[in-house]
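The values are calculated or read from the model by the stated rules, or taken from the named source; none is laboratory data. Fair warning: this is a prediction, and the values are worked out from it, not measured in the lab. Virtual Cβ from ideal backbone geometry, glycine too; neighbours counted across all protein chains shown.
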Amino acid sequence: MEKDILILAIETSCDETAAAVVKNGRCVLSNIISSQIDLHTLYGGVVPEIASRKHIEKINQVIKEALWEANVTLEDMDAIGVTYGPGLVGALLVGVAEAKAISFAAKKPLIGIHHIEGHVSANFIENKELEPPFLCLIVSGGHTHLVIVKEYGKYDIIGRTRDDAAGEAFDKVARAIGLGYPGGPKVDKLAREGDKHAVVFPRANIEGFPYDFSFSGVKSAVLNHLNSCAMKKEPVNTADIAASFQAAVVDALVSKTIAAAQEYHMDQVAIAGGVAANSALRQSMEAACKEQGLHLYYPSAVFCTDNAAMIGAAAYYEYLNGTRHGLDLNAVPNLKIGQR
């Protein structure tokens, strides 16, 4: 019988301080998240300096709690996995420094993990049958990518956003219609009360690059519509605006994903990242995949937003692939997916 592989994982790329213990890449023994959302809501968005200070305050606490909940010790760990990019450089440095200190003190291998590859790996946690190859749509506050997951840890990028990420557009539109931060969940909730056909917002297509995305146009269209209503002193139904904007974004995401799955002969489709928790995206993608006979996978909401369990899942497969990092590992805030 093969020995179980235990990974202590650390995630501090933005405003969640998280630690987890993951067994064999798919069994989460603990997943502790200390969120800063209430704090950053006061400022209308994440303040990097505050995020870094809060990570310093919370990091030891969440690691101790993760080990305690999993009923294990540092000595039981086979490796330490940590997000080293992309993200806020100060926030990343806290997690990387902590992981390097633990790796050195406990004499455990250190494995740096790409944050977005962690989001992709979140799909492995609850979908035990999912294995590469598959197509994955990554949608978050900072990223919108279409990638083919060829093997564990190996990716081909076939599409990406040319400007705003989908989650970024959600946040900006939420601010414009007075919903505040965080925008994505608030737009999703309000949209359920509105008519998605009330306003027709644009869906961008980039000639010659069928799987690339652009969301700055739809964001600008919403702002122009609001300004036009204000100038004409016309009433604004914010629920209709939210629903119509969300429909435009979801339509672009789903249509390009399904087209890519057909062209690249992928019968497995996954979605990942914070926006993967959006109810309209899930429903629309489910309907489209069912119509085309494709298998759809997505994580539970807790594994869509930033968490350390997904980093532990990714670290397990990197561990099997022989990936090891030295104590010179540094934070790389603009790390590209697939980059080592």
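Numbers below:
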read-out	value
Residue within the range 252-260 that is part of a loop (DSSP other than H, G, I, E, B), in contact (Cβ under 8 Å) with a residue 12 or more places away in the chain and surrounded by fewer than 23 Cβ atoms within 10 Å (Cβ to Cβ) present	no
Every pair of residues 6+ apart whose Cβ atoms lie under 7 Å, when the first sits in the range 160-171 and is on the phi < 0 side of the Ramachandran plot while the second is basic (Lys, Arg)	ASP164/LYS219; ALA169/LYS219
LEU223 being within 17 Å of VAL173 (Cα to Cα), surrounded by fewer than 16 Cβ atoms within 10 Å (Cβ to Cβ) and not small (Gly, Ala, Ser)	yes
One residue from GLU98, GLU69, GLU65, GLU75 being more than 19 Å from the chain's Cα centre (by Cα), modelled with pLDDT of 95 or more, closer than 16 Å to GLY326 by Cα and of a type in the set (Asp, Glu)	GLU98
Count of residues meeting criterion [touching a helix residue (DSSP H, G or I) at 6+ places or on another chain (Cβ under 6 Å) and in a helix (DSSP H, G or I)] in the range 178-200	7
Filter result (farther than 11 Å from GLU11 by Cβ, among the small types (Gly, Ala, Ser) and assigned to a strand (DSSP E or B)) within the range 76-121	ALA79, GLY85, GLY112
Single residue of the range 290-313 satisfying the filter (touching a helix residue (DSSP H, G or I) at 6+ places or on another chain (Cβ under 9 Å) and over 14 Å from ASN31 (Cβ atoms)) that is surrounded by the most Cβ atoms within 10 Å (Cβ to Cβ)	TYR298
Filter pass, ASN123 being surrounded by fewer than 21 Cβ atoms within 10 Å (Cβ to Cβ) and either under 21 Å from the mean Cα position of the chain (by Cα) or not aromatic (Phe, Trp, Tyr) (or both)	no
Yes/no for ASP38 being touching a strand residue (DSSP E or B) at 6+ places or on another chain (Cβ under 8 Å), over 19 Å from ALA97 (Cβ atoms) and of a type in the set (D, E, K, R)	no
Qualifying residues in the range 272-309 (those that are in a loop (DSSP other than H, G, I, E, B) and not polar (S, T, N, Q)) - the one farthest from GLY141 (Cα to Cα)	GLY293
Test: residue in the range 143-154 that is among the charged types (D, E, K, R) and assigned to a loop (DSSP other than H, G, I, E, B)	no
Lone qualifier among ARG203, ARG175, ARG160 - being touching a His at 6+ places or on another chain (Cβ under 6 Å) and either part of a loop (DSSP other than H, G, I, E, B) or surrounded by fewer than 21 Cβ atoms within 10 Å (Cβ to Cβ) (or both)	ARG160
